[in-house]
Amino acid sequence: MEVLIVEDDLLHRIYLREQVSAALPECDTIFEAENGAQGETLARAHRTAHIVMDLQMNARNGIEAARTIWLERPDTRILFWSNYADEAYVRGVSRIVPNGAAYGYVLKSTSEERLKLALRSIFVENQCVIDNEVRGMQQRSFAQASGFSESEYEILMDIALGMTDRAISKRRHLSLRSVQNRLQQIYSKLEVHQPPETLREDGAFNLRARAVTVAMMRKLLNYGALEKAEAELQSWLKGS
């Protein structure tokens, strides 16, 4: 068995190497990459390797690297090992997992025993392992009553990037009214509104900016998600 560790922190790579060696005595080779770009290169060179992947890395983050690796080799088993249970990361991972793929999402705060169990469950037993905190975020994120639909989340990201209603309408192939209706749904779900005493005035808030701020505080958005969305936006602008 071969295992590829993709982690930008040296101490964390050392720790993961120790845990992989202890949990997987059948593993005879461990490769290491300092970022997602190196991880993609090593994954191509060692196509049977299972992967332990950090999410937030410089140069190329874990979600981007995992997407590329899974597009090229959908049966790759990946354990995401992260500090973050933010909805932006949870959604990012959920979007790219191929059907039937064995993967895991374990927080760096988890115990050694839990990490070792996850390594064996995914890489040996071909089972998915999701930390309870991450699973709870998934359930809250995709709950029909209070979570965001995929379309609403895309529009939330678009307003965070500064796009106008008309630009969003063109990009998402929606009518202007549909965009505005979704914006109202976003405001409602984020509980973003003007304070009652300002209703007769201009209002205390710019609701779009307020929605982005509240989304950031609730960890619906983060730097990594916005960075990826900005790259996708620039690609769309060049092609439109």
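The values are calculated or read from the model by the stated rules, or taken from the named source; none is laboratory data. This structure is a prediction, so every number in the text was calculated from the model and none was measured. Neighbour counts run over all protein chains shown; Cβ positions are idealised from the backbone, glycine included. To get the accessible areas, we keep the full protein, side chains included, count just its heavy atoms, and leave off ligands, DNA and RNA. Shrake-Rupley method; radii C 1.70, N 1.55, O 1.52, S 1.80 Å.
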### Message
Cβ contacts < 7 Å: first residue acidic (D, E), restricted to segment 20-47; second residue open to solvent by 40 Å² or more (accessible area, probe 1.4 Å) and part of a loop (DSSP other than H, G, I, E, B), any location; separation 6+ or different chain. Result?
### Response
E26/M1; D28/M1; E34/D8
### Message
Residues to consider are Y103, Y89; find the one that is touching a Lys or Arg at 6+ places or on another chain (Cβ under 7 Å) and of a type outside the set (A, V, I, L, M, F, W, C).
### Response
Y103
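Each row is one residue, and each column tells you yes or no for (1) of a type in the set (A, V, I, L, M, F, W, C); (2) outside any helix (DSSP H, G or I); (3) at pLDDT 85 or above; (4) in the same structural domain as A65 (by the TED database).
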| position | (1), (2), (3), (4) |
| --- | --- |
| A209 | yes, no, yes, no |
| V212 | yes, no, yes, no |
| M216 | yes, no, yes, no |
| L220 | yes, yes, no, no |
| K228 | no, no, no, no |
| E232 | no, no, yes, no |
### Task
Look at A22 and say whether it is of a type in the set (G, A, S) and open to solvent by 10 Å² or more (accessible area, probe 1.4 Å).
yes
### Sole residue being more than 30 Å from E154 (Cα to Cα), open to solvent by 20 Å² or more (accessible area, probe 1.4 Å) and touching a helix residue (DSSP H, G or I) at 6+ places or on another chain (Cβ under 8 Å), chosen from I14, I30
I30
